[in-house]
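Notes follow once the structure below has been shown.
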Amino acid sequence: DTEAAQASFDAIIEQDSRIEPRDWMPEGYRKTLTRQISQHAHSEIIGMQPEANWITRAPSLKRKAILMAKVQDEAGHGLYLYSAAETLGTPRDVMFEQLMSGKAKYSSIFNYPARSWGDMGAIGWLVDGAAICNQVPLCRASYGPYGRAMVRICKEESFHQRQGWEILYELSHGTPEQKQMAQDSVNRFYGPALQMFGPPDDESPNSQQSTAWNIKRFSNDVLRQRFVDMIVPQAEALGLTLPDPDLKWNEERGHYDFGELDWDEFFGVIKGNGPCNAQRLERRIEAHENGAWVREAAAAYARKQAEAAEA
Ligand code: ACO
């Protein structure tokens with residue numbers, strides 16, 4: 001009965017152990033995980049666009065090969081995550097539909113344009129860096145398929161961050177124009193990267209329950225602070241500055257203080273009003289439509305195989 005099932009679920013959470021797809025789970029747990037994992041999958045897929053934009057313009061064959069591999073990794077991340085989300089019962093087509101109709105959210109960061117080659121560096125260093133900071137704790141999320149997907153994703157994200165760092169390092173040690181390009185990219189991506197961690201804790205409606213269910217391990221603000229503390233010395237090593245006049249070491253707290261972020265901008269972007277929201281969705285719908293023949297061919301092949309197995 002439900003009471004016994006709930007007690008067994010509670011015991012698994014209490015022991016910090018894992019819930020698997022066949023286990024009973026409260027509807028709210030299923031719902032919030034489907035929400036978070038599908039949003040995460042959508043982010044990976046939409047996140048391919050700003051970087052794919054630079055594949056044809058990468059400055060060398062080597063850079064082009066690296067960038068292509070990276071964008072393909074993002075596609076792979078999206079696929080692991082859709083698979084993990086599907087184990088909770090929502091079919092993939094339904095999740096695609098939610099994305100394409102504009103109903104589902106995806107990370108705010110991917111609604112900003114990638115204007116220069118320097119942005120490939122800033123996206124790798126800051127955006128993938130923030131992603132790792134947020135996602136390493138998710139490797140221990142209580143839902144098994146999500147935690148396991150995150151382990152692989154984090155390994156690949158670490159490589160992505162290193163390649164972004166290396167692009168910025170080369171630029172910042174190049175000509176004055178190249179250094180300026182790197183600085184301009186960091187200036188534009190710094191604030192939006194910090195917003196990837198989500199709204200401030202007192203405006204984060206899902207945090208409390210997600211923490212109680214061992215999905216979230218640290219709050220949005222705690223992870224944001226961890227990220228700032230990590231990137232300040234990295235920016236110094238790069239020879240670049242971070243665009244925040246309030247950024248200052250606080251001896252007492254043992255952390256860097258930083259200025260208030262533009263939360264009006266953030267809420268505008270997640271409502272669909274960022275600089276590239278419309279373009280990102282349009283492009284996704286177009287790619288989905290262009291891929292229809294692949295889905296149809298795969299479905300026809302699967303049908304034939306099943307018929308052959310029955311005969
Ligand atoms: N961009 C878009 N939406 C966001 C963002 C963001 N940066 N941050 C929070 N939100 C949304 C939440 O999804 C939630 O919306 P919903 O209730 O309609 O679903 C709302 O704002 C309120 O936020 P929270 O209550 O704090 O939401 P939550 O507890 O889910 O925390 C967080 C948000 C930290 C992003 C969490 O969902 C998470 O860790 N997700 C997995 C990581 C992820 O998705 N990363 C994607 C970018 S990284 C990459 O793809 C390279």
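Only the coordinates and a few stated rules stand behind these numbers; no lab work does. Since the model is a prediction, treat every value here as computed from it, not as a measurement. All Cβ positions, glycine included, derive from the backbone under ideal geometry; neighbour counts span all protein chains shown.
General remarks:
- Basic side chains Lys and Arg get +1 at the Cβ, acidic Asp and Glu get -1 at the Cβ, and with that the dipole of the chain about its Cα centre reaches some 1020 debye.
- The residues neighbouring TRP54, those whose beta-carbon lies less than 12 Å from its own, together hold a net charge of +3 under the Lys/Arg +1, Asp/Glu -1 convention.
- Pairs of C-alpha atoms in the stretch 205-304 farther apart than 21 Å represent 65 percent of all such pairs.
- Distant-in-sequence amide H partners of HIS255 (H built 1.01 Å from N, under 5 Å): ASN250
- Each Lys and Arg adds +1 at its Cβ and each Asp and Glu adds -1 at its Cβ; summed about the Cα centre, the stretch 31-130 shows a dipole of about 220 debye.
- In this structure, the residue pairs whose Cα-Cα separation is over 25 Å, taken from LYS31/LYS105; LYS216/LYS248; LYS155/LYS179, are LYS216/LYS248; LYS155/LYS179.
- Projecting the Cα atoms of HIS160, ILE132, PRO176 onto the charge dipole of the stretch 126-184, computed from C-beta unit charges around the Cα centre, puts ILE132 farthest toward the positive end.
- Ranking LEU238, TRP213, ALA309 by Cα position along the charge dipole of the stretch 205-311, where only Lys, Arg, Asp and Glu carry charges on their C-beta atoms, puts ALA309 farthest toward the positive end.
- For the stretch 42-151, the spread of Cα positions along each principal axis, largest first, Å: 44, 31, 22
- Over the chain: Kirkwood hydrodynamic radius from C-alpha pairwise inverse distances, Å: 21.0
- Here the peptides 3-10, 155-162, 110-117 are ranked by packing, the mean other Cβ count within 10 Å, and the order with the highest first is 110-117, 155-162, 3-10.
- As a rough guide to protection, the peptides 21-28, 180-187 ranked by mean Cβ packing within 10 Å, highest first, stand as 180-187, 21-28.
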